[in-house]
1. Calculate the FRET efficiency for residue 99 and residue 244 from the Cβ-Cβ distance with a Förster distance of 25 Å, rounded to the nearest 0.05.
2. In nm, give the distance between the simple-model label positions of residue 75 and residue 237, each being 7 Å from the Cα along the Cα-to-Cβ direction.
3. Relative contact order of the chain: what whole-number percent is it, with Cα pairs under 8 angstrom and at least 6 residues apart?
4. Of all the Cα-Cα pairs you can form in the chain, what percent are over 34 Å apart?
5. What is the distance in Å between the Cα centres of the range 240-260 and the range 38-67?
6. May I ask for the angle, rounded to the nearest 10°, between helix 117-132 and the longest principal axis of the chain, with both axes built from Cα atoms and the value confined to 0 to 90°?
7. Using only Cα atoms and rounding to the nearest 10 degrees, what angle (0 to 90) does helix 153-176 make with the longest principal axis of the chain?
8. Given the peptides 40-50, 24-34, 125-135, 265-275, arrange them by the average over their residues of other C-beta atoms within 10 Å, most packed first.
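What follows draws every value from the coordinates through simple rules; no lab data is involved. Small disclaimer: the values here were computed from a predicted structure and weren't measured. Methodologically, a virtual Cβ is constructed for each residue, glycine included, from the backbone with ideal geometry; neighbour enumeration extends over all protein chains shown.
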């Protein structure tokens, strides 16, 4: 897909962050939009921003962990727009927790959104993309889909799973030669509200000496590397170039290099950094 003009893109997690900037950047390029999120207020704001650029925009309140709702939305998008060419499975959440004590319902919550939401979105939209004759699946993993970190075991689990799922999907699409492709996105520190909105397990307060919120703030500052606008531009460049994966931001590129160089020996450094962030 060399350009996006007069294409139709569906985006989850479109109420803020990368979802919002992807919507606006696609609208600038003449792409019509179907946007979803659980945050209806933020979703309406994104739709208003994109709509000013002269493209058709539809919105849907959607819990991406709900398979039936996702499939119904995909059908609705095609009814409203006549076709769909791209699905950006972008919705995601974060959770700070130790693996030993993480609540089962919290683990299921993060996997439901970060992993199963990607699976349902891919399966719901893929037949429509194939019928359109030209399409792309864009799944958001993370830098934490390339390396692991203490207290991020649930997030790592979801994002490593997205990586494996998307790499297998891309290979299957290559075999089919069906006109549809896939890209896995690995953002580093992006200026969004994901850290500020993250759930924090009770164990985090004990590990930080009662300073869990201060640790959250330090982690949020560490993520303040690449703007969401720049991230959107890098992602769309990767899609138009049919890249198999895209490392978003200099930190993602640097840390990916060190993991490749050091192998499992990157882990002591990750332990040191995490301890510093937790204790200050």
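1. About 0.25, to the nearest 0.05.
2. If labels sit at residue 75 and residue 237, their model points lie 4.1 nm apart.
3. 19 percent
4. Values: 6598 of 39060 pairs.
Here the tail beyond 34 Å accounts for 17 percent of pairs.
5. Comparing the Cα centres of the range 240-260 and the range 38-67, I get a distance of 28 Å.
6. 20 degrees
7. 30 degrees
8. Listed from highest to lowest mean packing, they are 24-34, 125-135, 40-50, 265-275.
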